Amino acid sequence: MNDWVNAEQHVERAHEHYDAGRWDEAENELRRALSLNPYQAEWHFNLGLTLEAAGRNSHAADSFARAYQLHDETGEADAQSALYAAINRIRAGKAIDGIEWLDRADQLDASNVEHAVYRIEALASLNRHEDAEQTFYLAQQMDAEHPELYAAMAESLMTRGKHDKAVWCLREAARLDPTLPRVQARLAEAFAATGRLERARQLYLRELRKDPGDIDTLLDLGELLTDMRRPEEAAEKFRRVLELSPDHADAHFALGDLADRGNDLATALVQFDVVLRLDPVFPGARRRLADLLLTRGRDEDLPRARDLLRLELRASRSGPEEFAAEDLEDLGHLLLDADLARDAAGVYRVALERRAGSHTAHHHLSVALLEMGETDAGMEQARQALIFEPRFVPAMHNLAVAHMRQRQWMRARYWVRRASRLDPDDVPIRRLRMRLRVRWLAGMAALVASPVLVVLRGVWGLTLGRPLRRAAHG
């Protein structure tokens, strides 16, 4: 009896902590109660709610699953426990498991349209959009007036780029339930994607009138204002986020981006540095900060820039699925700028595995190889770039430089002439053309032992410089 009373007291205290938003304390009390009586399905369900509120969806799903199993063992299977287990599996990125739990919920209550809402979300996350659409139409036959059904379908449509259809779905959702969380903000995002930026701005403002402290909406509006080239207003929204949540890394990153766009290097450096102190693995922050340090060009900045890039390089190897081919190419450019050509070459090879046929990746790999002194391999990559983009002048430039280093003058002239025909005003090509003329004059002068030979040799002796990295950040 004492254990039962103690367990009930722990549950009562857990309710108090939950109502006050003290999730850790609520969890501790519920776990103490369950240690005394682990067969109470309701307590497992309450633990799931607590973990869900704390954002620990995977653990929450386990608690809801345990509640379902306990109900099932007593012959009173609970559709709500199955639904909540499904929702949290989906939010934890386990959509397939979530669908299996939705199937169990459907077996117990096939008329609940809410099951279809989360099924659409799960199917969309798996890129099974046709199945999601079929689920939507079937659910409409049960309840054509369910606002969340339209909102869920809109997410699938926006993922596929069908923004006009998403606008219609979100309008229906807003008509059916104007209080639906962030429905105006989602509608604003859909309008922005179709180029109707002013309409999107108005809808974000409408959402903020309902909830002035909605951080997600403030961030979205700030990004929209950035796209609308209204940086002062955008910065005001991001600063408002920091008033509400001073340690919000996204807001600091956005302010750093604005400062970078406005050529305020000092402010951008401070903001990106803050981002990394708040979140050392914030996507793209290491690259942005390293880029700014390299741009500033101080000798004392180079070691830190290299350290940041090496950390990013290790991250790209340990979690490659998080790095798109564009991210890898950007990292490669920065490694080249930091004189880490060998690391850059490795990155470009991985980028080419992800996106075969990228002439820019072949070109930059050729740059890295040439800077490493691997001339033949570098030339081969430059030729590969020209296979995929025959009019790519920077690759021709680098082939000409490589041939000049090998004293293969005729081949160098061939590439210079070919590039000149494509772009007669290209400055690096004009310089190479001038160098080849100087070399020819030096050869002629040698025949007559002219005193001009000394001058011409001096000009020719100037370094050819690095291979051309044209459009490295384009």
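The values are calculated or read from the model by the stated rules, or taken from the named source; none is laboratory data. In this text the structure is predicted, and so the values were computed from the model without any measurement. Every residue, glycine as well, gets a Cβ built from its backbone with ideal geometry; the counts of neighbours run over all protein chains shown.
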Q | Some residue of region 76-84 being among the small types (Gly, Ala, Ser), touching an Asp or Glu at 6+ places or on another chain (Cβ under 7 Å), under 22 Å from residue 113 (Cα atoms) and at pLDDT 90 or above | A | yes
Q) Scanning region 259-278 for residues that are closer than 15 Å to residue 242 by Cα and not β-branched (Val, Ile, Thr), which turns out surrounded by the fewest Cβ atoms within 10 Å (Cβ to Cβ)? A) 278
Q. Among the residues of region 85-111, which ones are modelled with pLDDT under 95 and of a type in the set (S, T, N, Q)?
A. 107, 111
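Do you know which residues across region 163-197 are assigned to a loop (DSSP other than H, G, I, E, B) and small (Gly, Ala, Ser)? Steps first, please.
First, pick out the residues of region 163-197 that are assigned to a loop (DSSP other than H, G, I, E, B): 177-182, 194-196.
195 - this is the single residue of region 163-197 that is assigned to a loop (DSSP other than H, G, I, E, B) and small (Gly, Ala, Ser).
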Q: Might you check whether a residue that is surrounded by fewer than 20 Cβ atoms within 10 Å (Cβ to Cβ), assigned to a helix (DSSP H, G or I) and free of Cβ contacts under 8 Å to residues at least 12 places away in the same chain occurs anywhere in region 118-131?
A: yes
Q) residue 233: at pLDDT below 95, of a type outside the set (Gly, Ala, Ser), part of a helix (DSSP H, G or I) and farther than 20 Å from residue 283 by Cα, yes or no? A) no
Q: For region 218-227, state whether one or more residues are closer than 22 Å to residue 283 by Cα, surrounded by fewer than 16 Cβ atoms within 10 Å (Cβ to Cβ), touching a helix residue (DSSP H, G or I) at 6+ places or on another chain (Cβ under 8 Å) and not β-branched (Val, Ile, Thr).
A: yes
Q. If you take the residues of region 45-72 that are buried (at least 24 other Cβ atoms within 10 Å of the Cβ) and of a type in the set (A, V, I, L, M), which of them is farthest from the chain's Cα centre (by Cα)?
A. 67
(Q) Criterion first (surrounded by fewer than 22 Cβ atoms within 10 Å (Cβ to Cβ) and under 34 Å from the mean Cα position of the chain (by Cα)) does residue 79 satisfy it? (A) no
Q.
Kindly evaluate residue 295 against the criterion of being surrounded by 13 or more Cβ atoms within 10 Å (Cβ to Cβ), under 22 Å from residue 185 (Cα atoms) and either in contact (Cβ under 8 Å) with a residue 24 or more places away in the chain or in contact with a Cys (Cβ under 8 Å, 6 or more places away or on another chain) (or both).
A. no
Q: Could you list all residues from region 298-344 that are over 17 Å from residue 280 (Cβ atoms), surrounded by fewer than 16 Cβ atoms within 10 Å (Cβ to Cβ) and among the small types (Gly, Ala, Ser)?
A: 324
Q: Working only within region 72-88, note down all residues that are closer than 16 Å to residue 106 by Cα and touching a helix residue (DSSP H, G or I) at 6+ places or on another chain (Cβ under 7 Å).
A: 77, 78, 79, 81, 82, 83, 84, 85, 86, 87
Q) When residues of region 269-304 are filtered for being touching a helix residue (DSSP H, G or I) at 6+ places or on another chain (Cβ under 6 Å), more than 23 Å from residue 316 (Cβ to Cβ) and small (Gly, Ala, Ser), how many remain? A) 0
Q: May I ask you to say which residue of 42, 29 is over 27 Å from residue 101 (Cα atoms) and either modelled with pLDDT of 90 or more or not in a helix (DSSP H, G or I) (or both)?
A: 29
(Q) Please count how many residues of region 387-406 are surrounded by fewer than 20 Cβ atoms within 10 Å (Cβ to Cβ) and more than 17 Å from residue 433 (Cβ to Cβ). (A) 6
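Take the conditions surrounded by 13 or more Cβ atoms within 10 Å (Cβ to Cβ), within 16 Å of the chain's Cα centre (by Cα), assigned to a helix (DSSP H, G or I) and free of Cβ contacts under 8 Å to residues at least 60 places away in the same chain and apply them to residue 240. Does it pass?
Details: surrounded by 13 or more Cβ atoms within 10 Å (Cβ to Cβ): yes; within 16 Å of the chain's Cα centre (by Cα): no; assigned to a helix (DSSP H, G or I): yes; free of Cβ contacts under 8 Å to residues at least 60 places away in the same chain: yes.
No; evaluated as a whole, the condition is false for this residue.
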(Q) I want to confirm something. Restricting to region 340-354 and keeping residues that are more than 11 Å from residue 309 (Cα to Cα) and of a type outside the set (A, V, I, L, M), which single residue is modelled with the lowest pLDDT? (A) 354
Q. Hey, residue 382 hits all of (1) in contact with a His (Cβ under 9 Å, 6 or more places away or on another chain); (2) at pLDDT below 80; (3) not in a loop (DSSP other than H, G, I, E, B) but one; which does it fall short on?
A. (2)
